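The block underneath contains the structure these notes are about, expressed in structure tokens.
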Amino acid sequence: MTTVGILTGGGDCPGLNAVIRAVVRTGAKHGFDAIGIRDGWHGLVAGNVEPLTDYSVTGILPKGGTILGTSRTNPFKNEADVQRLRDNIRKFGIDAIVAIGGEDTLGVANKLSKMGIPVVGVPKTIDNDVGATDYTFGFDTAVAIVTEAIDRLHTTAESHHRVMVVEVMGRHAGWIATVAGIAGGADEILIPEIPFDLDEVTHHLRARYERGKKFSIVVVAEGAQPEGMAEAIAQSARTDEFGHVTLGGVGNFLRDELEKRLDMEVRVTVLGHIQRGGSPTAHDRVLATRFGVAAADLVKEKDFGKMVALRGDSIVAVPLEEAVANLKTVNMDLYEIASIFYGG
Ligand code: F6P
């Protein structure tokens with residue numbers, strides 16, 4: 001009997017439960033037992049696991065978050081933790097690990113794979129920035145939430161003749177800002193990939209005002225920064241185990257700077273974790289399910305050290321090494337489309 005350990009690491013996102021369900025259900029068809037590892041890599045270090053049966057995954061498909069819990073634990077911060085992790089893999093008879101996560105979780109998976117531990121990766125993040133896959137699940141849901149928020153902000157912005165700044169997630173890549181910004185008809189989209197010029201933003205907003213459009217929507221990714229600023233604006237200098245600070249504050253920064261430059265009232269909405277919570281869209285449920293089925297199939301084939309990925313409309317297996325080599329930043333052709341509408 002093959003025993004598959006499943007874990008979810010990093011920031012949660014809608015669709016994680018759909019993957020867990022798909023791995024357990026497909027695994028059962030392949031004759032596997034499943035073990036849930038609690039709170040990402042932390043569960044494997046601490047030996048915190050639980051059996052996962054067909055019954056434990058009943059009804060979780062539409063549920064947001066993760067029934068397994070998550071953490072930003074990096075076992076490679078400490079030699080002894082890597083040893084504990086290896087000991088627990090042996091202790092619980094885990095033959096393969098399905099690690100569902102973003103750049104950090106998959107980076108750990110890749111290192112473990114190189115040490116001979118049988119791992120399969122599944123890419124998740126609302127940020128959509130995992131390399132080697134066209135899309136991650138969670139992204140479509142986040143885009144839907146942000147688009148709805150922009151639609152709502154539009155009506156009130158127009159009524160009050162205000163500039164509304166909407167701060168969205170996106171640490172290294174501005175996918176959410178770009179796609180939801182295009183979908184919501186944003187008048188300016190600021191992303192981490194391109195440092196922004198405050199004078200240019202002001203120019204666009206003023207041009208709109210002068211054309212009689214006395215309101216504007218600016219969508220800014222939390223990781224976006226003005227030209228000349230060394231680092232993105234953070235809520236605190238505290239870092240997680242992968243060295244990331246908690247971002248946040250660029251929306252307020254923009255409000256202050258734009259109010260100095262424009263004769264308009266500027267307000268900020270920070271969408272924060274609203275973007276990550278709640279039920280996945282149908283699109284994300286299907287993508288997550290396809291990823292989970294493909295991950296269980298890779299375990300069956302003993303094709304380890306791979307990550308399932310979406311390429312075009314097909315699910316393929318790519319080396320974990322390739323997936324973690326580069327972050328997938330925003331496609332500039334798409335960003336160009338957004339910018340056609342600035343100042344109009
Ligand atoms: O990685 C996804 C993400 O949502 C980023 O956009 C954001 O910077 C980060 O997670 C926030 O994580 P946390 O909820 O741990 O603060």
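The values are calculated or read from the model by the stated rules, or taken from the named source; none is laboratory data. Every value quoted in this text rests on a predicted model; they were computed, and no experiment measured them. Backbone-built Cβ (ideal geometry, glycine too); neighbour counts: all protein chains shown. Ligands, DNA and RNA are excluded from the accessible area calculation, which covers all protein heavy atoms including side chains. Shrake-Rupley method; radii C 1.70, N 1.55, O 1.52, S 1.80 Å.
Things worth noting here:
- Residues being open to solvent by 10 Å² or more (accessible area, probe 1.4 Å), at pLDDT 95 or above and farther than 21 Å from Gly170 by Cβ - total across the range 1-11: 2
- Any hit, the range 192-211, residues being in contact with a strand residue (DSSP E or B) (Cβ under 9 Å, 6 or more places away or on another chain), within 16 Å of the ligand (Cβ to nearest atom), within 16 Å of Gly272 (Cα to Cα) and at pLDDT 95 or above: no
- Screening the candidates Val163, Val119 for the property of being modelled with pLDDT of 95 or more, closer than 30 Å to Asp297 by Cα, away from the ligand (no atom under 16 Å from the Cβ) and open to solvent by less than 30 Å² (accessible area, probe 1.4 Å) yields one hit, Val119.
- Any chance Gly43 is more than 16 Å from the ligand (Cβ to nearest atom) and under 24 Å from the mean Cα position of the chain (by Cα): yes
- The range 23-40, subset away from the ligand (no atom under 16 Å from the Cβ) and within 15 Å of Ala99 (Cα to Cα), residue most open to solvent (accessible area, probe 1.4 Å): Arg38
- Identity of the residue in the range 12-22, open to solvent by less than 10 Å² (accessible area, probe 1.4 Å) and within 28 Å of Lys91 (Cα to Cα), that ends up nearest to the ligand (Cβ to nearest atom): Leu16
- Exactly one residue out of Gly292, Gly251, Gly278 is of a type in the set (Gly, Ala, Ser), touching a helix residue (DSSP H, G or I) at 6+ places or on another chain (Cβ under 7 Å) and open to solvent by less than 70 Å² (accessible area, probe 1.4 Å), and it is Gly292.
- Ala173 within 16 Å of the ligand (Cβ to nearest atom) and either over 28 Å from Leu16 (Cα atoms) or assigned to a helix (DSSP H, G or I) (or both): no
- For the range 212-236, a residue qualifies if it is within 14 Å of the ligand (Cβ to nearest atom) and surrounded by fewer than 15 Cβ atoms within 10 Å (Cβ to Cβ), and the qualifying residues are Glu231, Gln235, Ser236.
- Scanning the range 46-76 for residues that are under 24 Å from the mean Cα position of the chain (by Cα), more than 16 Å from the ligand (Cβ to nearest atom), open to solvent by 20 Å² or more (accessible area, probe 1.4 Å) and not basic (Lys, Arg) gives Gly59, Leu61, Pro62, Ile67, Phe76.
- Of all residues in the range 173-190, those satisfying the criterion of being in contact (Cβ under 8 Å) with a residue 60 or more places away in the chain, open to solvent by less than 10 Å² (accessible area, probe 1.4 Å) and under 15 Å from the mean Cα position of the chain (by Cα) are Ala173, Gly174, Ile176, Thr178.
- Neighbours by Cβ (under 9 Å, 6+ apart or cross-chain): first from the range 233-247, touching a residue at least 60 places away in the same chain (Cβ under 8 Å); second of a type in the set (Asp, Glu) and open to solvent by 60 Å² or more (accessible area, probe 1.4 Å): Phe242/Glu103
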